[in-house]
Amino acid sequence: MKNADMIPFEEAYRLMMESAAPLGKENLSLNEARKRVLCEDISSDVDMPPFNKSAMDGYACRSADLDAPLKIIETIPAGKAPEKRIGEGECSEIMTGAVVPEGADRVVMVEHTEIEKGKLVVKHKSAGKNICYRAEDIARGDIVLKKGTVIGAPEIAVLAAVGCVDVPVSKNPMIGIIATGSELVEPHREPEGAMIRNSSSSQLAAQAKSAGFEFRYLGIVEDTPEAIGGIIDGNRGGVDIFLLSGGVSMGEFDFVPGVLIERGFDLLFEKVAVKPGKPTVFGKGKDDFVFGLPGNPVSTFVIFELFVKPFCFALMGAEWTPRSVIAELVETVERRKTARVSYLPVKLIKNGKVQIVEYHGSAHIHAYTTADGFISIPVGIERIKAGERVEVTLVK
Ligand code: AMP
Ligand code: MG
């Protein structure tokens, strides 16, 4: 146990990130590669465009010849090489994407022309040459995507364009989601008496899914060291990251940190100066990691965004930072205790402004259904005044 005392967010984040090492490599098809992270630089095996290409449907001509009617010598569709060179007083009809013939230095768009007595007359001379030049986007051998890139739809297009169909990516960590709490029942059951539904696990699964991480839901366990230890033991080796919720606070039945230490996890922190989420635990095992998150759904939600997500991307070899926007706060927010960073749900409104969503604390996940993200009030700060610009971390 290294840091049982509360430590600042930045220190916890640093300790966590320092313990991350990429998990290994695999190759995936283009269809499977979305949201994965490239583990090698990718270079192009072709020039892009591969030839001087027409950007318009029109006529390939010589700029010097546009004042007199031109003889049309050929029609060049996309996918077919031109057969004739453009000489003085000549042009070829050309389609978008077709190869610009030798001799031509511009394409006049069809809308700027008319056919008179079988010849082409250019009615309007515009400055644009309407040619995409060979290799102007990418030259053969250029690096088109760097190692560490998170693959989205445009990256898939680039991989396809350079023929990279066996995509080298980092392995994805397998997350094992466990809910601890003797009061919990699965969502399909009606909770009776002192029971409540397990909402945090489904939420964590949804967050993992939208980030592109793999996960297994391992179930609910009671608040006993035996039950918590048993589910960890039973899944050791099968997951890379245990993601537990509940049982990390100071209560008599909060056994999670002790059980993790018994199981050989080195706990790098047990309390972080954040609100919600103070009792967040992070530990490193021989071949795996563990997060113990406070069980309230807002805490699990925010801590997943702040810690779990960047950590998983780090295991995949990517440097990930959340998306955020700067907006003007429309009302003053105040607080008395300033020892922790507070995260508050906010909604973006018109004209670059943002308002605080009514929020009653870490059980009030319903507040986040109307929020676009959260803002943070840093340690030592009591208020942010109306009219100040704030960074909104987007979470949807
Ligand atoms: P704990 O972190 O175990 O101290 O729990 C803090 C609060 O969150 C308690 O009110 C729990 O009932 C509630 N809670 C714990 N786990 C969950 C869960 N999986 N889903 C919804 N609420 C939970
Ligand atoms: Mg509990």
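Here are the numbers for the structure shown:
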| item | result |
| --- | --- |
| Yes/no for I220 being among the hydrophobic types (A, V, I, L, M, F, W, C) and open to solvent by 70 Å² or more (accessible area, probe 1.4 Å) | no |
| Positions within the stretch 257-312 being more than 16 Å from ligand 2 (Cβ to nearest atom), over 23 Å from P22 (Cβ atoms) and part of a loop (DSSP other than H, G, I, E, B), in sequence order | R263, A273 |
| Looking only at the stretch 319-342, and only at residues there that are outside any strand (DSSP E or B) and among the polar types (S, T, N, Q), the one that is modelled with the lowest pLDDT | T321 |
| Members of the stretch 234-252 found to be under 17 Å from K284 (Cβ atoms), assigned to a loop (DSSP other than H, G, I, E, B) and within 16 Å of ligand 2 (Cβ to nearest atom), listed by number | V248 |
| Out of G292, G361, sole residue that is of a type outside the set (D, E, K, R) and at positive phi | G361 |
| Scope the stretch 276-287; condition away from ligand 1 (no atom under 14 Å from the Cβ) and either farther than 14 Å from L243 by Cα or modelled with pLDDT under 95 (or both); matching residues | K286, D287 |
| Filtered residue count, the stretch 170-196, keeping only those that are surrounded by 16 or more Cβ atoms within 10 Å (Cβ to Cβ) and either polar (S, T, N, Q) or within 13 Å of ligand 1 (Cβ to nearest atom) (or both) | 9 |
| Residue in the stretch 55-67 that is part of a loop (DSSP other than H, G, I, E, B) and in contact (Cβ under 8 Å) with a residue 60 or more places away in the chain present | yes |
| Members of the stretch 366-396 that are in contact with a Ser or Thr (Cβ under 8 Å, 6 or more places away or on another chain) and either surrounded by fewer than 18 Cβ atoms within 10 Å (Cβ to Cβ) or among the small types (G, A, S) (or both) | G373, S376, V379, G380, I381, E382, R383, K385, A386, E391, L394 |
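The values are calculated or read from the model by the stated rules, or taken from the named source; none is laboratory data. Computed from a predicted structure; not experimentally measured. When we count neighbours, we look across all protein chains shown, and the Cβ atoms used for this are built from the backbone with ideal geometry, even at glycine. Each accessible area value is taken on the protein alone, full model and side chains, heavy atoms only, with ligands, DNA and RNA left out. Shrake-Rupley method; radii C 1.70, N 1.55, O 1.52, S 1.80 Å.
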